[in-house]
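Shown next, in C-alpha cells, is the structure this report addresses.
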Amino acid sequence: MLVDSYKFLPRSFVPLYERARPVPEESTPVWAPFTPRLADATVALVTSAGLSLAGAQEPFDLDRERREPTWGDPSFRVLPHDLGERRLVMSHLHVNTADVEADRNVALPVDALDDLVAAGVVGGAAASHVSVMGYQGAGLAVWREETAPAIVEVLRAQGTDGVVLAPV
C-alpha cells in the first residue's frame, strides 16, 4: 500500500519536506545516552498533535497560522497522564483530526504505555506528558532557545528518564 505522507498538506508545501536538510549549525545528530534499564525507567510521551485539555488549557494558535502559513505555534501544553474522562482538543491544520479525536491513543498512547508498565517492560509512566504543535516551518530559533529547554525542565522536574515521541 502506498501512503501519501503529504495528503493533508497544501501541495505547495511538499517541496519543503521532500528536500529538507539540517540547518548548518545542526550537522550532527542530537543524542543522549539512555542509562537506566527500561524496566526501571519513568517514561513520558511527547506528541506533535497540538493537543490541549478542553476547557482547561488554551488551544494552540491556529488563527495566526492561518494568516502566516509558515508559522507554527512554538508553545507547549503539559497533559496529565491520568486524563480520566477529560476531553482533548487537537489544534492542527496539516492533518485530519478525526482519528485522534475519536481515540486519543492515536497521538498520545497513554493506554499502550500503561500496558507496558503493567507488563513490567517500563518502570512507570510519568505523571504528565507534553504536547506541541508539530508544524514548525519557521521560528526554529524560538524552539531551540525557549520551547525545548522549557520542555526538558518540565520532564526533568518530574523525574522522567526517557521520552517516546508520538508524531502525527
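What the table shows:
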| read-out | value |
| --- | --- |
| Residue satisfying condition, being of a type in the set (A, V, I, L, M) and open to solvent by less than 60 Å² (accessible area, probe 1.4 Å), within set ALA56, ALA32, ALA39 | ALA39 |
| Of all residues making up segment 144-158, the number that are farther than 23 Å from LEU16 by Cα and open to solvent by less than 40 Å² (accessible area, probe 1.4 Å) | 3 |
| Qualifying residues in segment 60-88 (those that are of a type in the set (A, V, I, L, M) and touching a Leu at 6+ places or on another chain (Cβ under 7 Å)) - the one farthest from TRP143 (Cα to Cα) | LEU88 |
| Condition broken by ASP82, with the remaining ones in (1) over 20 Å from the mean Cα position of the chain (by Cα); (2) open to solvent by 100 Å² or more (accessible area, probe 1.4 Å); (3) among the charged types (D, E, K, R) satisfied | (1) |
| Test: residue in segment 101-120 that is farther than 19 Å from PRO59 by Cβ, open to solvent by less than 40 Å² (accessible area, probe 1.4 Å) and either part of a loop (DSSP other than H, G, I, E, B) or of a type in the set (D, E, K, R) (or both) | yes |
| Matching residues, segment 54-83, being more than 26 Å from ALA125 (Cβ to Cβ) and basic (Lys, Arg) | ARG64, ARG66, ARG67 |
| GLY120 being more than 21 Å from GLU65 (Cα to Cα) and not hydrophobic (A, V, I, L, M, F, W, C) | yes |
| Search result, residues across segment 121-143 that are surrounded by fewer than 14 Cβ atoms within 10 Å (Cβ to Cβ) and at pLDDT below 95 | ALA138, ALA141 |
| The lone exception for GLU65 - which of (1) in contact (Cβ under 8 Å) with a residue 12 or more places away in the chain; (2) more than 24 Å from VAL154 (Cα to Cα); (3) exposed (fewer than 15 other Cβ atoms within 10 Å of the Cβ); (4) of a type in the set (Asp, Glu) it fails | (3) |
| Pairs where the first residue, in segment 105-126, is under 19 Å from SER52 (Cα atoms) and the second is open to solvent by 50 Å² or more (accessible area, probe 1.4 Å) and in a helix (DSSP H, G or I), C-beta under 6 Å, 6+ apart | ASN105/ASP111; VAL106/ASP99 |
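Residues are listed down the side, and each one gets a yes or a no for (1) part of a helix (DSSP H, G or I); (2) in contact with a Pro (Cβ under 9 Å, 6 or more places away or on another chain); (3) more than 30 Å from GLU25 (Cβ to Cβ):
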| site | (1), (2), (3) |
| --- | --- |
| VAL130 | no, no, no |
| ALA141 | yes, no, no |
| GLU145 | yes, no, no |
| GLY159 | no, no, yes |
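The values are calculated or read from the model by the stated rules, or taken from the named source; none is laboratory data. Quantities reported herein were computed from a predicted structural model and do not represent experimental measurements. Methodologically, a virtual Cβ is constructed for each residue, glycine included, from the backbone with ideal geometry; neighbour enumeration extends over all protein chains shown. Ligands, DNA and RNA are stripped out before the accessible areas are found, and what is left, the full protein with its side chains, is counted by its heavy atoms. Shrake-Rupley method; radii C 1.70, N 1.55, O 1.52, S 1.80 Å.
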